[in-house]
1. Would you work out the relative contact order for the chain, in percent, from Cα pairs under 8 angstrom that are 6 or more residues apart?
2. What accessible area per residue comes out for the chain, rounded to a whole number of Å², with a 1.4 Å probe?
3. List, in order, the whole-Hz ³J(HN,Hα) value for each residue of the range 5-15 obtained from phi through the Karplus relation with A = 6.51, B = -1.76, C = 1.60 and θ = phi - 60°; use x for Gly and Pro.
4. Based on the Cβ-Cβ distance of V21 and Q195, what FRET efficiency does E = 1/(1 + (r/R0)^6) give at R0 = 45 Å, to the nearest 0.05?
5. Relative contact order (percent) for the range 26-147, with alpha-carbon contacts under 8 angstrom and 6 or more residues of separation?
6. Probe radius 1.4 Å, ligands and nucleic acids left out: which of M202, M91 has the largest accessible area, and how do the rest follow?
7. Could you please put D65, D114 in sequence from largest to smallest accessible area, using a 1.4 Å probe?
8. First obtain the Kirkwood hydrodynamic radius of the range 157-209 from its Cα pairs, then insert it into the Stokes-Einstein equation at 20 °C and 1.002 mPa s, and state the resulting D in µm² per second as a whole number.
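The values are calculated or read from the model by the stated rules, or taken from the named source; none is laboratory data. Predicted model, so just to flag it, every value in this text is computed and none were measured. With ideal geometry, Cβ positions are generated from the backbone for all residues, glycine too; neighbour counts draw on all protein chains shown. We work out accessible area using only protein heavy atoms, side chains counted, and drop any ligands, DNA or RNA first. Shrake-Rupley method; radii C 1.70, N 1.55, O 1.52, S 1.80 Å.
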Amino acid sequence: TSYRQEYLMQRTTHKWLAAAVSLTPTGTATAAYHHYGSPLYNEQQLSLGFAQAINNSISLGATVDYLYSSTSDPHYDPLRGISFSLSAQAMLSKSFTIGARLVNPTAIQLANLDEHLPPQATIGVAYSPLNFLTSTLEVEKTKQRPIVIRGGVEYLFLNNFAFRTGFATQPTVFSFGLGFRQQHYLIDLCATVHQTLGLTPMLGGAIAF
């Protein structure tokens, strides 16, 4: 679960809740819920997915997403739609992993709107030259929008702690955070800094059984 308040404004709050369960030795089912906004305007997404390891190096995944948005204005009906996403990951070596994801490939139409939600493609790599150091790079393209590039570094120290820092473009955002893990419990504190709008804090936590 995680919580993020963009630029310290109550009306731009994100909330996430997710769970994953291993159904087979190589297959995992997932469920996730995301809420953004306030009673004046909000967006919600419910996702159900399944990921399957093909072999020791390659994994495939798929997710079905139910999308819903509404406003407090009674003149506007809520918008609903169902979409899906596809993903793949390949571990090319012990230190190098590549992954890709395609979101909403059919560009679904919400309700009776003339506009369609744009498809989105992402490809990323992770490189771990040492057990305590991982660097990542990701490129994201949404139709009719500029390419977004994200990068980051994670450094593990004192057995239970992780320090992370990163950046993103379009717009330019810098991030930093600290993670803590103790047996089955994980806690993450982080923040992003927008070049104009300022600070966005985020809190996350997880329990692994």
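1. With pairs under 8 Å counted, the relative contact order is 13 percent.
2. Details: 14030 Å² over 209 residues.
The answer is 67 Å² per residue.
3. 10, 5, 6, 6, 10, 4, 7, 10, 8, 9, 9
4. Values: r = 40 Å, r/R0 = 0.90.
My answer for the efficiency is 0.65.
5. Working: 273 pairs, mean separation 18.3, N = 122.
Worked out over the range 26-147, it gives 15 percent.
6. Values: M202 60, M91 90 Å².
Descending order: M91, M202.
7. Largest accessible area first, the residues go D114, D65.
8. Values: Rh = 12.2 Å.
Using the Kirkwood radius from Cα pairs, D works out to 176 µm²/s.
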